[in-house]
Each structure stands twice: as C-alpha cells, then as structure tokens.
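The values are calculated or read from the model by the stated rules, or taken from the named source; none is laboratory data. Since this is a predicted model, take the numbers as computed values, not measurements. Cβ sites come from the backbone with ideal geometry, for glycine too, and all protein chains shown count toward neighbours. Just so you know, the surface numbers come from the protein's heavy atoms only, side chains and all, with ligands and any DNA or RNA stripped out. Shrake-Rupley method; radii C 1.70, N 1.55, O 1.52, S 1.80 Å.
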Amino acid sequence: MNKIEHIGIAVENVEESNLLFAKLLNTESYKTEEVKSEGVKTSFFRIGDSKIELLEATNQDSSIAKFINKRGVGVHHIAMRVSDIYAEIKRLQNEGFTIIGDGTPKKGADNMLICFMHPKSTNGILIELCQEL
Ligand code: ZN
C-alpha cells in the first residue's frame with residue numbers, strides 16, 4: 001500500500017458540511033460527485049498529499065444511511081492507495097482478510113477503482129483500497 005489516499009466521513013448533508021470543512025481545512029471542495037450505484041453524494045477536499053471525502057446518503061438503502069442510523073455521523077472509512085488493486089486483493093485474501101462483495105473492484109468516486117475490506121477482519125476499521133484509473 002502506497003499511502004493514505006483519503007479519509008471518508010459520513011455526513012447528513014454534503015452542502016452544509018462543505019461549508020464547515022472549507023472553514024476547517026481552509027480550502028474549498030474541488031469536486032462533488034454522485035455515485036448512483038452506491039447511493040452516495042461525495043465531496044472532496046485536498047489536504048496536503050491526501051484527501052478528505054464527505055459522504056451523504058442519497059437513499060435509505062445506502063450503506064452511509066445505515067452507518068449514520070447505527071453510529072451517527074463521523075469517520076466512516078480509511079482509503080489506502082495501491083498500484084495494483086487486483087494483486088493487492090489477492091495478497092490480502094491469502095493473508096486471511098475478508099473483501100466485501102465478490103472480490104472484484106468497481107468504479108468509485110474520483111476516478112478510482114475501489115473495493116472495501118470487511119471491518120470484522122481489520123479491528124473494526126472499514127478500509128477501502130483504491131487504484132487510480
Ligand atoms: Zn472513499
């Protein structure tokens with residue numbers, strides 16, 4: 001794994017949180033993007049060489065809606081940048097980690113190929129792997 005690509009934060013409302021994070025980080029969001037397949041609206045901020053991703057649910061079946069109902073708003077996942085996501089998935093599965101879904105990466109926000117690791121195999125942390133497309 002190359003670096004922490006971004007930290008994902010579950011929020012109730014991306015527009016409102018954009019104002020808060022713009023003040024907090026002293027920079028504007030550079031991109032807002034809806035990922036229909038995941039039922040989320042996202043917004044990205046650059047912070048040095050890393051990013052903050054805000055995530056708002058666009059429907060009640062979205063994993064973000066479920067997360068907020070259960071645990072409230074706040075840190076949702078940590079995303080690690082990898083150079084070869086297919087090789088990394090294979091390596092992690094061989095090490096005994098659980099990849100969510102069928103182990104095939106899919107297209108996520110911000111032009112990334114992504115997959116998630118199940119928190120039960122990573123000390124309760126939802127980890128996203130991402131490879132730039
Ligand atoms: Zn993410």
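Students often get this wrong, so check it: of K31/K66; K23/K51; K51/K90; K36/K66; K36/K90, which have C-alpha atoms separated by over 21 Å? Each step should come with its number before you reach the end.
Working: K31/K66 24 Å; K23/K51 15 Å; K51/K90 26 Å; K36/K66 16 Å; K36/K90 27 Å.
Long pairs (Cα-Cα over 21 Å): K31/K66; K51/K90; K36/K90.
Of all aspartates and glutamates in the structure, the ones whose alpha carbon falls short of 16 Å from that of K3, not counting any fewer than 8 places away in one chain, are D49, E53, D84, E88, E128, E132. Across Y86, Y30, the residue with the most accessible area heads the list, and the full order at a 1.4 Å probe is Y86, Y30. Can you pull the percent of the chain's accessible area that's carbon plus sulfur, 1.4 Å probe, other chains left in place? Carbon and sulfur: 50 percent of the exposed surface of the chain.
Sort 114-124, 49-59 by packing, meaning the average of other beta carbons within 10 Å per residue, with the highest value first.
On the way: 114-124: 15.2, 49-59: 19.0.
Order by mean packing, descending: 49-59, 114-124.
Taking only C-alpha pairs under 8 Å that are 6+ residues apart, what is the relative contact order of the chain in percent? Present the calculation step by step, with values, prior to reporting the outcome.
On the way: 264 pairs, mean separation 33.5, N = 133.
Relative contact order comes out at 25 percent.
Under the convention that each Lys and Arg Cβ holds +1 and each Asp and Glu Cβ holds -1, the size of the dipole of the range 91-133 around its Cα centre is about 100 debye. Over the chain, the pair-distance histogram of Cα-Cα distances with 10 Å bins from zero comes to 13, 44, 35, 8, 0 percent, rounded to whole numbers.
Quick one: which residues, 5+ away or cross-chain, put their amide H under 5 Å from the amide H of I100? H built at 1.01 Å from N. HN-HN under 5 Å from I100: F116, M117, H118.
What number, rounded to the nearest 500 deg cm²/dmol, is the helix-based mean residue ellipticity at 222 nm of the chain, given -39500 (n - 2.57) per DSSP H run of at least four residues and division by all its residues?
On the way: 3 runs with 31 residues, N = 133.
Using -39500 (n - 2.57) per qualifying helix, the result is -7000 deg cm²/dmol.
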